[in-house]
Amino acid sequence: MTWLLKILEKMQPHFGPKGKAERFGPLFEAAENFLFSTSERTKSAPHVRDPLDLKRFMSLVIVAMIPCTLAGFYFFGLRVFSVIIVSYAIGGIAEVVFAVIRKEKINEGFLVTGLIYPLILPPTLPLWMVGLGVLFGVIMGKELFGGTGRNLFNPAVAGRCFLAVSYPVAMSSGWIVPGSGLAGRLTEYVSANSLDAISKATPLGLLKQGIHTDILPLFMGNVSGCIGETSGIAIVAGGLFLLMTRIASWRTVASVLVSAFVMAGILHYVNPTLFVPALWHIGAGGLLFGAFFMATDPVTSPATNTGKWFYGAIIGVVTILIRNFSGYVEGVMFAILLGNIASPLIDEIVYKIQMKRLENEA
Amino acid sequence: MKRLKGGFDIRIVGRPSAIVQTPPEPSTLFIPLRTRRFHFSEIVVQDNTDVTQGTILACDPKQFNVPLLASRGGTIHLDRTLGQIVIDKVKPVSAAGSNQQTSSWPHAPSNLDSSGQVRFKLLKMGAWQYFKDAATGLLPDPMAIPSALIVSTITIEPFSVRGDVLLKEKLASFTRGLEHLQPLLEYQPIFLVFPKITTELALKIKETIRGFAWIKLVEIPVTYPFDDFRLLARKLGLISKSNKDNVWTLRTEGVLAIDSVLTNSQIVAEKVVAIGGPAVKKPAHFKVPVGYPLAELLHMAECETGSRYLNGGVFSGAIISELQKGIDCECGGITVLSEQVNRSFLKFVTPGFDRRSFAPAFASALRPAFSEKVDTALCGEGRACVNCGFCSKVCPAEIVPSAIHKLVYQSNMDELEFYRPDLCVDCGLCSYVCPSKINLYSEIAAVKMKLREELTPEKAGH
């Protein structure tokens, strides 16, 4: 690949300061550093650095989402592919435009947002809505705060929330009956017009109508729901990989799931006829996906270990409360947004206590 | 002792073997006047005069006139522009130290008591320079009484001279040195810091030390930077915010120097210097006089040219300038890193069996511990902090580098003090682990400096 590197190095001056295409410097820089590791060197102590960089960091999250993306393809057909492409394309353009305007580098964080976001959408959502949502998520959720690292909210969740509030009908219908058999729906392109494949409600939606579906399909994934959220097994498989690489914190995941389990368990204990078993809630809807891939976003969650427990508990408890006591069918994304808002505060409090302990040290 | 937290162990290829080589006697010595802690600005010898081994060449007036001694006899050439004293026509030493001149050493003032006499001798014969104050890292006052003394047998940072290398043949000398230390103290304890490992040598030393009642053995895990004296003093409860005074520290080298001065009345003319790192073909320990030509040593270890030469380790070492020609009197090790950074294609998606990181994010996590070939690559592009929390997990001082970084980013100087940047022990691990490649270490160093400046005029006013 040295020939490619040579070409890039030859082109570099045009995109550098005072070059012909200086304006597109961020784009070139991103492409160059995406293909080849950076040539930058340390200038002072420490003279060596850890090989983990943000590109690796983010690509591991993507690797971890491969199982549930594949499950999405299997259960809901090839349209998933178009949704992902629209998300990456529109969101990517927004990211690049902002980088060019602000003369900053393009951040890898978008690679993750661009995949998380389509996975939490209903599979037949019109593509223009997909684009609109990702635009909102990237611009309002992230860029206006200063880009990845400075955002308060998880951009994917922000985008989805925007759609859920603005287009409630489209966001709560158009579910697909999951594929089955050897090929699933891998050969089909199921859109909102394919009437035979359209399902009325997700398990959580049915629960609102008093219908209690079986637990096992919730973990296998052969239920209708958002693209990447249905298969508990695929999510856990990818999620465990993420926990093992310590890119995501097991504390956040454990805290979300345990608190949701306990909260749902209490409700079920108080009134078993009105409230379903706790395990059902863990498998239903986007709780597993949210716990493993969205709540663990380091930027919008607390950095401290203690903070992560509280943050996770907020998400878990609020999810169950919204699911059982509000008009909304699913509560994970609102709960995560709430957790996001609380996380700087939680960190601050933990730091205060931590520093108080160091008061007399020298 | 309170539990040590954080820290990180990195293994790098090019670890010097435990055998100490003695290179041929040099014909010329280049003795630098500036070292990490000292600036020997007051030169006391004349140009073109002959000196003998042990003659005081210069001293540091700001630090109790700590002397710089001639490691060999020869003819002096002052080279102020390059900040060094050159000793030409070096007289070789036949038997170790036999031609050391002792008569010209200044006599101790007669008003000193026996302990004072010992201290005076240590200072004038160049053994005092091995002492460090735990809180400040500076040279302690020779005439003060310490509240405790920490002696460490380990240096963890790759690559410094390892304690076990120095101790192997000098165990008797080491224990004698420890005995010599006792009169300097008035019932204050000596904490002997020891690695938590069971080698034959370790057991042997522990056996020997057992008889010394005033020595308390402290065992610590061999993880960088747990050998840091300030950290140890803090964890041992010896220093606190209200009491930072007078905890003295000493490494193996210093104890051996004290024994040499007090038992044999001989200065320590030679230093053991480790040369290691990925860009060294034959990493080794060398026993050389201070001022030994750097170029010859690097040649002997077969270092790659065009590399980065560090005085010290990979984390806290300083780049050796091209002007420095010889080994300085504080040098413990030289680490050589390649400046050749390869740009590999789509490196971030490769499994990475040969790259180890703080988070087990590479396939190397599946391998047993191995030595890594590192270079000076930044290993990524600078990005905004993503709040991953690695820096606070790795920090041995238990502060939160990312919080300090955010306040610096907001130029919020008022709140900075609350986050205790002053506790930082300069290990550099936060910068090392940061996936956004933020140089937290230098940011915190700048903050510390600023806070200290703000504090000084106030103090002067009182």
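Each reported figure results from applying straightforward, stated rules to the coordinates on display, with no laboratory input. From a predicted model like this one, the values you see are computed outputs, not experimental measurements. Neighbour counts are summed over all protein chains in view; Cβ atoms, including those assigned to glycine, are modelled from backbone coordinates with ideal geometry.
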query: Convex hull over the alpha-carbon atoms of the stretch A:200-263: what's its volume per residue in Å³?
result: 98 Å³
Mean Cα-pair separation over length for the stretch B:299-380, i.e. relative contact order, pairs under 8 Å, 6 or more apart, %: 26 percent
query: For chain B, what are the DSSP H helices with axial Cα length of 27 Å or more and mean Kyte-Doolittle hydropathy of at least -0.5?
result: B:440-461
statement: In terms of the alpha carbon gyration tensor, root eigenvalues a ≥ b ≥ c, rounded if a/c is under 1.5 and otherwise prolate when a/b exceeds b/c or oblate, chain A is oblate
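So what is the relative contact order for chain A, in percent, with contacts set as C-alpha pairs under 8 Å and at least six apart?
Relative CO of chain A lands at 16 percent.
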- prompt: About its Cα centre, how strong a charge dipole does the protein assembly as shown have in debye, to the nearest 20, once Lys and Arg get +1 and Asp and Glu get -1 at the Cβ?
  reply: 620 debye
query: How much length is gained on full extension from B:A446 to B:K373, taking 0.36 nm per residue of separation minus their Cα-Cα distance?
result: 23.2 nm
- line: Phi-derived 3J(HN,Hα) across the stretch B:8-18 with the Karplus relation (6.51, -1.76, 1.60, θ = phi - 60°), rounded Hz, x for Gly and Pro, is 7, 9, 10, 10, 10, 5, x, 7, x, 6, 7
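Take each of the peptides B:80-92, A:241-253, average the number of other beta-carbon atoms within 10 Å over its residues, and list them starting from the highest.
Numbers: B:80-92: 16.8, A:241-253: 21.2.
Descending mean neighbour count gives A:241-253, B:80-92.
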field: Three-way shape call for the stretch B:303-459 based on the alpha-carbon gyration tensor, with the a/c threshold at 1.5
entry: oblate
statement: Between A:E22 and A:N360, Cβ-based FRET efficiency (R0 51 Å, step 0.05) works out to 0.40
Amide hydrogen neighbours beyond the local backbone of B:C303, cut-off 5 Å, H modeled: B:K281
field: 10 Å Cβ neighbours from other chains, averaged over peptide B:242-248
entry: 1
query: Dipole size in debye (nearest 20) for chain A around its Cα centre, Lys and Arg Cβ +1, Asp and Glu Cβ -1?
result: 560 debye
task: Distance check, please: which entries in A:K356/B:K235; B:K124/B:K235; B:K91/B:K204; B:K168/B:K281; B:K89/B:K325; A:K10/B:K406 exceed 27 angstrom between their Cα atoms?
output: B:K124/B:K235; B:K91/B:K204; A:K10/B:K406
message: Taking beta carbons within 10 Å but only from partner chains, what does the mean come to for residues B:354-360?
response: 5
field: Least to most buried among B:D50, B:D60 (fewest other Cβ within 10 Å first)
entry: B:D50, B:D60
field: For a label point 7 Å along the Cα-to-beta-carbon line of B:A318, residues of the stretch A:43-77 with backbone N under 18 Å
entry: A:43-48
message: I'd like the mean, over residues of A:27-37, of how many other protein chain beta carbons sit within 10 Å of each residue's own Cβ.
response: 3
- prompt: From the phi of every residue in the stretch B:66-81, what ³J(HN,Hα) in whole Hz does the Karplus formula 6.51 cos²θ - 1.76 cosθ + 1.60 yield, where θ is phi - 60° and glycine or proline is x?
  reply: 4, x, 10, 9, 6, 7, 8, x, x, 9, 7, 10, 7, 10, 5, 5
- request: Among A:N222, A:N33, A:N107, determine the one that fluctuates most according to a GNM of chain A built with springs between C-alpha atoms less than 10 Å apart.
  value: A:N33
- prompt: Residues with amide H under 5 Å of B:Q53's amide H, sequence separation 5 or more or different chain, H placed in the peptide plane at 1.01 Å from N; which?
  reply: B:G73, B:Q101
task: Arrange the following residues from fewest to most other Cβ atoms within 10 Å of their Cβ: A:W280, A:W3.
output: A:W3, A:W280
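Shape call for the stretch A:121-261 from the C-alpha gyration tensor, a ≥ b ≥ c root eigenvalues: rounded (a/c under 1.5), prolate (a/b greater than b/c) or oblate?
Values: a/c = 1.73, a/b = 1.19, b/c = 1.46.
In terms of gyration-tensor shape, oblate.
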Fewest-first ranking of B:S242, A:S82, using other Cβ atoms within 10 Å as the exposure measure: B:S242, A:S82
- prompt: Normalised by the number of residues in the stretch A:288-362, what is the relative contact order in percent for Cα pairs under 8 Å and 6+ residues apart?
  reply: 35 percent
query: Cα centroid distance between the stretch B:140-195 and the stretch A:236-267, in Å?
result: 49 Å
query: Which helices count as membrane-span-like in chain A under these terms: full DSSP H, at least 24 Å along the axis by C-alpha, Kyte-Doolittle mean of 0.5 or more?
result: A:54-76, A:79-102, A:250-270, A:305-325, A:332-357
- request: Could you work out how far the C-alpha centroid of the stretch A:29-67 sits from that of the stretch A:286-362, in angstrom?
  value: 27 Å
